[in-house]
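What follows is one structure encoded as C-alpha cells, with my remarks underneath.
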Amino acid sequence: MSLPGGVLTALPALPRAAHTAARTLLRQGGRPAVLAQQGSGEPPVTVPRDPAREAARRELSKRLYHENDPSWPHRALDHFWDWVDKLFNSASAASPGGTVGLVVVIVAVLAVLGALWWRLGTPHRTPASAPAL
C-alpha cells in the first residue's frame, strides 16, 4: 500500500540518499575525512600555543569564573589553619607516641601552668609611689 506523496513513496529512495549524504560528509579535499586526519600525523590545531595560552588566560580571568571564590579573610584563615596543621603534624611526628604523645605533653604543660597560676595567684603590679614634693 502506497499513499501518494506520503512516507511510503519515499522509502525506496532512502538508502540511496543516505549513502550519498554519508559519502559527501566523509569527503574532505578529495580524500575521506577519517583518512585525512589519520594520515597527516599532526593534530588539527590552527592556533599556535602562545596565543592560545593568552586567549585561555583572558577567558579564565573573567568575573564569571570567580563569583564563588572565597574572600581574602577566608583565604587568610585557610592559610593560617594550614600552617597550624603543618605545625602540629611536624610536632606529633617529632614527639614520642605521635599525636597522642603530643596531646599528653600539651595537657601536662597546661596543668603545670594552671598549678602555678593557682598557687601564685594573678600577677599584680604594685603601683609606683610618687616621690614626695
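Miscellaneous remarks
- Residue match in the range 88-103 (condition: exposed (fewer than 10 other Cβ atoms within 10 Å of the Cβ), β-branched (V, I, T) and free of Cβ contacts under 8 Å to residues at least 60 places away in the same chain): no
- Scope the range 107-133; condition in a helix (DSSP H, G or I) and open to solvent by less than 70 Å² (accessible area, probe 1.4 Å); matching residues: A108, A111, G114, A115
The values are calculated or read from the model by the stated rules, or taken from the named source; none is laboratory data. Computed from a predicted structure; not experimentally measured. Neighbour counts run over all protein chains shown; Cβ positions are idealised from the backbone, glycine included. Note: accessible area is taken over every heavy atom of the protein model, side chains too, but ligands, DNA and RNA are not part of it. Shrake-Rupley method; radii C 1.70, N 1.55, O 1.52, S 1.80 Å.
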